[in-house]
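The values are calculated or read from the model by the stated rules, or taken from the named source; none is laboratory data. What you see is a predicted model, and the numbers here were worked out from it, not measured in a lab. Reconstructed Cβ throughout: ideal geometry from the backbone, glycine too, with neighbour counts over all protein chains shown. Keep in mind that these areas ignore ligands, DNA and RNA; they rest on the heavy atoms of the full protein, side chains included. Shrake-Rupley method; radii C 1.70, N 1.55, O 1.52, S 1.80 Å.
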Amino acid sequence: MRPGQLDPVNLVFVADNASSAVDRAKAALQSSGWKTSNPCPLSDTLYAYFDTGSGPIAKAESADLFKPVNECLEKYHVRIFAPDAGTYAIAATHHECNNGYPPGGNPGCNYPFDHVIGWEDAESLARDDVLAGSRIARQYSVDLANTNGGVWRGVNNDGSAQVLEFANHCGTVAADAVWASGTVDHVVDCNITVPTRVTLTLQAGAVVKFANSNSIDVDGTLRIDGEPNNRITITSVADSAAGQWGRLRIPSSGGSISIDNADIRDGGNSAAGAMIVNESEAGTLSVVDSTLHNSANNPVVLDNLRSGSNFTCSGTTASNNAQIGVKLQRMSTANVGLVSLPRCDSSLPYLVDGLLTVYGTLTFNPGTTVKFANSSSMDVQGTLRVDGEPTNRITITSVADSAAGQWGRLRIPSSGGSINIDNADIRNGGNSAAGAMIVNESSSGSVLVRDSNISASATTAVVNDSNAGPADARYNWWGAASGPANGGTQSCNPLPRPSGSGLPISCNVLFDPWFRCTLGQLCQSDADGLDDNTETACGSNPLNPNSRPERLDGAYANQDDDLDGAIDEPLPVGGEAYDCDGDGFSGGVEQYVFSAASPVSDQKRCGIDAWPADMNNNGFSDISDIALLTGVFGQSLPPAPIRYDIAPDPPPPPGGRFVDISDISKIVNYFGKHCSQP
């Protein structure tokens, strides 16, 4: 090293970490013609500020680059150095005269040896070449004490360094990192990997743009932490068309992606398959209060589903995507356990495209929508639970949702399985290849369909194996008030066979009683003031105005109210979802608020623990009852009594609930009324 030839620091590169700052600066310079080895073999390589060799100040994270001038009569030299820590690299540049080239010397050098003839011009050239070869978010000058403004070793020097801040990201995120908000757009210049035990956080307000077809793989944790008034944007560099970048992906090895208040668009190219993908049995994916727009495929794909595959989608909407919804790619085949899928916005339904085989237990929670693409079906070798609620129903239909036969079936194969459907609207399936919308081909399979609207099958509604237990499809709407049609022989069980004009059903399917109109609509066939479907579910005859659900209070006690020959018998199983005593509260709510072992409270309008709106059991709902509620307003359950949690209908299990405005609003509806007149 020639001490007299040491250079001042005149460039600073800022990136994710010091190593990537070196790599990105090096790549940018190489793209502008700089070489990593001395291209002028008859010239010296002058040392610059720090050593790349094996001396006491040597650094492994460093690089020398050269650019010849006038066929090596001169050359520019930059040495880049990564400190031991931090997110930056420093560089020293100089312009040198090569006296050893050509042989005999360069008369313009004025010295008998190679030496520095400029720093400022070398700094400007290196800066401009980096700007030309990479995406720089910000450029600014800083004063550095070791640059000694004025003259440095006899050569003019301005005493400052140029800072070039890379916003482009590439490769592996080596340690926990934050991509900040501000004036900088973060550009993903190549594929990013977030390894195990590393967290990458996108700060509220950050803008991330993907170049080419790049993606982020998350084995560790990716946190996209937007805020309602300071959202995060994730898009392509061009930000102009679908499929301009890849995906955010949890690979099969596992990881976690949490997205909050973000706008994600223009990704999901053909190689990616979707903008957000979870391929892991144990991956956690949460997309909350966000928008998913303009994917060239699906917005979201869930693959390899298993009990550890956690998914959240609340408050998130989707629009203008080439394929709809959350695609259910496949379920794991080993130790599946329970996979429970939450309700998403109607613009983000679950999609089955092809054949989805269910292992373990797959549950669709209240309010979800499931759509099948082009003749797609579901085979149930474990358990399928479609758990709707009267006021939060589940929809199962085709993507087009416009005509019968647009999808296949829900099928239990010969190996066995179980289908349980409650409060669902099932339509537009049963194509000719499927033979029915719900099929059991196993002697050990079981089918239960309750409180559902079953319509628009191109073939049969329900087919059950003749050697299996009866499929219980009572209390459903079959598309006609007269009930289902006979899709089996006239002599098969159950007898008598159905004779309605609704969808046909096979033998070995229980169907009576059935609902006389679409669930969710009111209809009265006997003009008795009671809804036909409520009468059916509560055990009375909707065609007889003298038949009413069985009651236990007042004049109804010790009477055969429903005219079935029995007195004061319990309500039918399933009747708890309906308001059988007409007091404005379902049997399920009454059983819940009175902590009863059975829905017997729904057979009494008046009396002790009979009417939820009568808090003090005096027969009236008035200011004294409202005062009891307001006395615990805002309290959680517990310590507030469950008795005060009278809304919504139906209630969730205890825990995570409060006495709130919904309870006050519910009781106000009955203000000033007696229990006999809700």
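Of all residues in the stretch 290-305, count the ones that are on the phi > 0 side of the Ramachandran plot and touching a strand residue (DSSP E or B) at 6+ places or on another chain (Cβ under 6 Å). Outline the logic, then answer.
Of the residues in the stretch 290-305, the ones on the phi > 0 side of the Ramachandran plot are 294, 304.
If we keep only those that are touching a strand residue (DSSP E or B) at 6+ places or on another chain (Cβ under 6 Å) too, we end up with 294.
The qualifying residues number 1.
Could you tell me whether the stretch 585-600 includes any residue that is open to solvent by less than 10 Å² (accessible area, probe 1.4 Å), part of a loop (DSSP other than H, G, I, E, B) and not hydroxyl-bearing (Ser, Thr, Tyr)? There is at least one residue in the stretch 585-600 that is open to solvent by less than 10 Å² (accessible area, probe 1.4 Å), part of a loop (DSSP other than H, G, I, E, B) and not hydroxyl-bearing (Ser, Thr, Tyr).
From the residues in the stretch 114-142 that are at pLDDT below 75 and open to solvent by 30 Å² or more (accessible area, probe 1.4 Å), which one is nearest to Lys75 (Cα to Cα)? Even if it seems obvious, please write down each step before you answer.
Kept after step one, since they are at pLDDT below 75, are these residues of the stretch 114-142: 134-135, 137-138.
Next, from what is left, pick out any that are open to solvent by 30 Å² or more (accessible area, probe 1.4 Å): 135, 137-138.
Working: Arg135: 25, Ala137: 29, Arg138: 28 Å.
Among those residues, the one meeting the criterion is Arg135.
Looking only at the stretch 393-410, which residues are surrounded by 21 or more Cβ atoms within 10 Å (Cβ to Cβ) and either more than 27 Å from the chain's Cα centre (by Cα) or over 15 Å from Ser377 (Cα atoms) (or both)? Steps first, please.
Pass one, the stretch 393-410, residues surrounded by 21 or more Cβ atoms within 10 Å (Cβ to Cβ): 393-394, 396-398, 406-410.
Listed by number, the residues that qualify are Arg393, Ile394.
Filtered by the rule that a residue be open to solvent by 50 Å² or more (accessible area, probe 1.4 Å) and more than 38 Å from the chain's Cα centre (by Cα), the stretch 471-485 gives a lone residue, Ser482. Among the residues making up the stretch 203-239, those that are more than 17 Å from the chain's Cα centre (by Cα), in a strand (DSSP E or B) and of a type in the set (A, V, I, L, M, F, W, C) are Val207, Val208, Phe210.
Figure legend. Inter-residue proximity from the stretch 486-514: first residues in contact (Cβ under 8 Å) with a residue 40 or more places away in the chain and open to solvent by 30 Å² or more (accessible area, probe 1.4 Å), second residues part of a strand (DSSP E or B) and among the acidic types (Asp, Glu), beta-carbon distance below 6 Å, spacing 6+ or different chains. Indicated pairs: Leu510/Asp472.
Out of all the residues in the stretch 290-309, which are open to solvent by 20 Å² or more (accessible area, probe 1.4 Å) and either farther than 13 Å from Val339 by Cβ or among the acidic types (Asp, Glu) (or both)?
We begin by selecting, within the stretch 290-309, every residue open to solvent by 20 Å² or more (accessible area, probe 1.4 Å); these are 291, 293-294, 296-297, 303-304, 306-308.
If the condition is that a residue be open to solvent by 20 Å² or more (accessible area, probe 1.4 Å) and either farther than 13 Å from Val339 by Cβ or among the acidic types (Asp, Glu) (or both), then Thr291, His293, Asn294, Ala296, Asn297, Asp303 are the ones that fit.
Which of the numbered conditions does Ala527 fail, given that it passes all the others? Conditions: (1) touching a residue at least 60 places away in the same chain (Cβ under 8 Å); (2) of a type in the set (Gly, Ala, Ser); (3) open to solvent by 50 Å² or more (accessible area, probe 1.4 Å). Condition (1) is where Ala527 drops out.
Anything in the stretch 250-278 that is open to solvent by less than 40 Å² (accessible area, probe 1.4 Å), of a type outside the set (Val, Ile, Thr) and within 19 Å of Leu200 (Cβ to Cβ)? List them, or say none. Step through it out loud before you land on a result.
Of all residues in the stretch 250-278, those open to solvent by less than 40 Å² (accessible area, probe 1.4 Å) come to 250-251, 254-259, 261-264, 266-269, 272-278.
Next cut, of a type outside the set (Val, Ile, Thr) only: 251, 254-256, 258, 261-263, 266-269, 272-275, 278.
Once the filter is applied, which keeps residues that are open to solvent by less than 40 Å² (accessible area, probe 1.4 Å), of a type outside the set (Val, Ile, Thr) and within 19 Å of Leu200 (Cβ to Cβ), the stretch 250-278 yields Pro251, Gly254, Gly255, Ser256, Ser258, Asn261, Ala262, Asp263, Gly267, Ala272, Met275, Asn278.
Of the numbered criteria (1) among the hydrophobic types (A, V, I, L, M, F, W, C); (2) modelled with pLDDT of 85 or more; (3) open to solvent by 70 Å² or more (accessible area, probe 1.4 Å), the one Ile57 fails is (2). Does Arg551 satisfy the criteria of being open to solvent by 40 Å² or more (accessible area, probe 1.4 Å) and either within 25 Å of Glu569 (Cβ to Cβ) or in contact with a Phe, Trp or Tyr (Cβ under 7 Å, 6 or more places away or on another chain) (or both)? Criteria not met by Arg551. Going by what's in this entry, would Pro390 be described as surrounded by fewer than 21 Cβ atoms within 10 Å (Cβ to Cβ), modelled with pLDDT under 95 and on the phi < 0 side of the Ramachandran plot? Considered against the rule, which asks whether it is surrounded by fewer than 21 Cβ atoms within 10 Å (Cβ to Cβ), modelled with pLDDT under 95 and on the phi < 0 side of the Ramachandran plot, Pro390 comes out as yes. When Ser415 is tested against the conditions (1) touching a Leu at 6+ places or on another chain (Cβ under 9 Å); (2) assigned to a loop (DSSP other than H, G, I, E, B), the lone failure is (1).
Could you tell me whether Ser332 is open to solvent by 50 Å² or more (accessible area, probe 1.4 Å) and among the small types (Gly, Ala, Ser)?
Numbers: open to solvent by 50 Å² or more (accessible area, probe 1.4 Å): no; among the small types (Gly, Ala, Ser): yes.
No; evaluated as a whole, the condition is false for this residue.
Of the residues making up the stretch 280-289, those that are assigned to a loop (DSSP other than H, G, I, E, B) and either over 26 Å from Leu338 (Cβ atoms) or open to solvent by 40 Å² or more (accessible area, probe 1.4 Å) (or both) number 3. For Cys517, the test of being touching a Cys at 6+ places or on another chain (Cβ under 7 Å), open to solvent by less than 80 Å² (accessible area, probe 1.4 Å) and more than 28 Å from Ile608 (Cα to Cα) is passed. Tell me, please, whether a residue that is assigned to a helix (DSSP H, G or I) and in contact with a helix residue (DSSP H, G or I) (Cβ under 7 Å, 6 or more places away or on another chain) can be found in the stretch 540-556. Among the residues of the stretch 540-556, not one is assigned to a helix (DSSP H, G or I) and in contact with a helix residue (DSSP H, G or I) (Cβ under 7 Å, 6 or more places away or on another chain), which makes the answer no. The set of residues in the stretch 335-359 being open to solvent by 40 Å² or more (accessible area, probe 1.4 Å), in a strand (DSSP E or B) and within 21 Å of Gly429 (Cβ to Cβ) consists of Leu355 alone.
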